[in-house]
């Protein structure tokens with residue numbers, strides 16, 4: 001096994017045991033980038049020299065007995081909406097052609113403090129306003145979409161071009177590409193991770209989170225990112241809830257590492273409406289089989305009714321569309337021609353949303369949050385598909401469902417992700433199989449706010465009961 | 001709720017009132033997209049909100065969230 005194939009957890013253990021140096025690991029991942037990047041186009045920028053310097057520094061510190069923890073010396077990538085000092089944050093847009101970040105985002109600073117090695121910046125659908133990331137190709141089939149908007153991060157992790165990556169999620173932008181590329185993606189509780197220094201799509205829906213090969217890896221990255229930040233107006237001053245002790249997530253890694261996958265005492269809700277409507281039969285079969293596996297581990301499975309399902313898309317759009325337009329107000333007036341056609345059109349049309357409609361969306365959000373709180377009082381976790389269908393072919397605009405309805409690909413990919421953005425609950429996606437074409441299928445696990453540990457525990461138990469967690473996409477070098 | 005068809009001319013006029021002049025070749029596409037967005041969002045007009053307040057975030061004194069209020073102990077409200 002090459003170092004680039006190691007999961008974060010495996011690499012961290014090898015580094016800690018002195019069996020692998022950060023320089024060897026970083027060189028291996030950079031070589032992998034050199035071998036497959038031309039086909040995948042995951043990165044906007046690769047900073048190989050800086051990454052090698054950072055890895056060498058980590059190696060010296062670790063050799064001197066100054067380990068900073070499990071991320072020390074681990075190579076990773078940031079979605080190119082996330083500021084890293086001295087590097088451009090292009091948002092994959094010509095609008096940002098001359099941008100240079102004059103400081104680290106909160107998450108870049110936290111990863112730097114943890115000793116992680118920044119490889120570079122990954123592609124996003126322009127300004128995160130889309131679900132396909134057309135610049136980037138799916139890691140499993142280069143003729144299919146990467147998903148978005150954190151498409152570059154998902155593909156880089158899936159293909160071994162980064163040991164982990166960060167993305168952002170406003171309507172599924174971590175979970176959608178993670179599911180379509182067969183990796184793990186975690187959208188944490190709204191406000192748990194600071195968004196300071198991260199380009200916004202929609203302030204009231206934006207989240208930052210990890211994309212990793214395994215659930216255990218996601219727990220490790222989450223652990224390094226959590227913390228109150230007064231520079232983000234939505235930042236919580238609350239710690240995520242530990243599984244049993246109410247303690248901080250600092251103990252999460254060890255807790256997950258030593259669990260035997262026993263889920264007795266946990267109640268898992270399976271939606272009887274919404275999440276299994278208009279989805280591909282192969283996705284439904286894979287997710288229901290995954291739920292059976294969780295049941296086999298001792299979880300009690302109960303049906304739940306998703307409240308206010310009819311209004312999910314209206315709330316998502318009513319919040320996101322005017323907020324995105326507001327963020328881009330200045331540049332939409334000065335350099336509209338620099339936006340790609342699809343993003344420009346959405347931003348322009350967003351000018352016509354009425355304040356009354358925005359307020360209705362905000363009031364409906366209150367109703368939906370309260371209804372979800374009641375629903376999550378009955379179960380610990382909700383298990384559902386992450387996306388209705390696997391990665392579509394590049395250029396495909398619509399999906400036709402068995403009931404004869406036709407849906408835009410982007411609407412389809414947002415549909416099952418949006419509730420967790422609106423309600424702010426933690427949502428994890430993990431791979432649970434493949435369709436007939438070999439494309440990955442993702443299962444989504446959602447929990448109560450700040451109960452990341454429960455969601456991660458269930459996901460990790462699923463992985464332990466299988467044999468292929470952390471498998472790389474079969475991209476030949 | 002049917003809110004009526006948005007014409008390209010109306011879209012241009014609304015955008016201008018919002019401070020965004022649109023060139024002639026943008027009117028039709030913007031009108032169609034705005035109409036579609038409106039048709040989705042208008043579903044919310046079915047709801048009876050009663051006294052429900054918007055979910056928008058505002059915290060008075062933000063930036064000093066860790067400061068104890070005078071005369072009170074700071075409470076770590078971990079949940």
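The numbers here are math on the coordinates, done by the rules we state, and not lab data. Computed from a predicted structure; not experimentally measured. Cβ sites come from the backbone with ideal geometry, for glycine too, and all protein chains shown count toward neighbours.
Summary table
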| quantity | calculated |
| --- | --- |
| Residue A:401 versus residue A:67: modelled label distance in nm, points set 7 Å from Cα along the beta carbon direction | 5.0 |
| Residues residue B:16 and residue A:285, FRET efficiency given R0 of 56 Å [Cβ-Cβ distance, rounded to 0.05] | 0.60 |
| Estimated FRET transfer efficiency when R0 is 41 angstrom, pair residue A:14-residue A:264 (beta carbons, to 0.05) | 0.80 |
| DSSP beta bridge pairing in chain A, given as percent antiparallel to the nearest 5 | 70 |
| Average other protein chain Cβ within 10 Å of Cβ, residues B:10-16 | 2 |
| Gain upon complete extension [residue A:38, residue A:60; 0.36 nm per residue less C-alpha separation] | 4.7 nm |
| Cα-based convex hull volume of the protein assembly as shown per residue, rounded to whole Å³ | 157 |
| Shielding score for B:19-27, defined as the mean number of other chain Cβ atoms within 10 Å | 3 |
| Linear extension gain, residue A:292 paired with residue A:273, 0.36 nm per residue minus alpha-carbon span | 5.0 nm |
| Ranked A:174, A:33, criterion: other C-beta atoms within 10 Å, fewest first | A:33, A:174 |
| Full-extension gain in nm, residue A:467 to residue A:100, via 0.36 nm per residue minus C-alpha separation | 127.8 nm |
| Förster radius 30 Å - calculated FRET efficiency between residue B:7 and residue A:436 (Cβ-Cβ, nearest 0.05) | 0.05 |
| Region B:18-42 versus region A:1-79: alpha-carbon centroid distance in Å | 47 |
| Where a label projected 7 Å from the Cα of residue A:49 along Cα→Cβ would reach, residues of region A:77-107 with amide N under 14 Å | none |
| Whole-angstrom gap from region A:165-198 to region A:88-154, using each part's C-alpha centre | 12 |
| If the convex hull is drawn through the Cα atoms of region A:297-386, its volume per residue in Å³ | 134 |
| For region A:1-50: rounded, prolate or oblate by the Cα gyration tensor [a/c cutoff 1.5] | prolate |
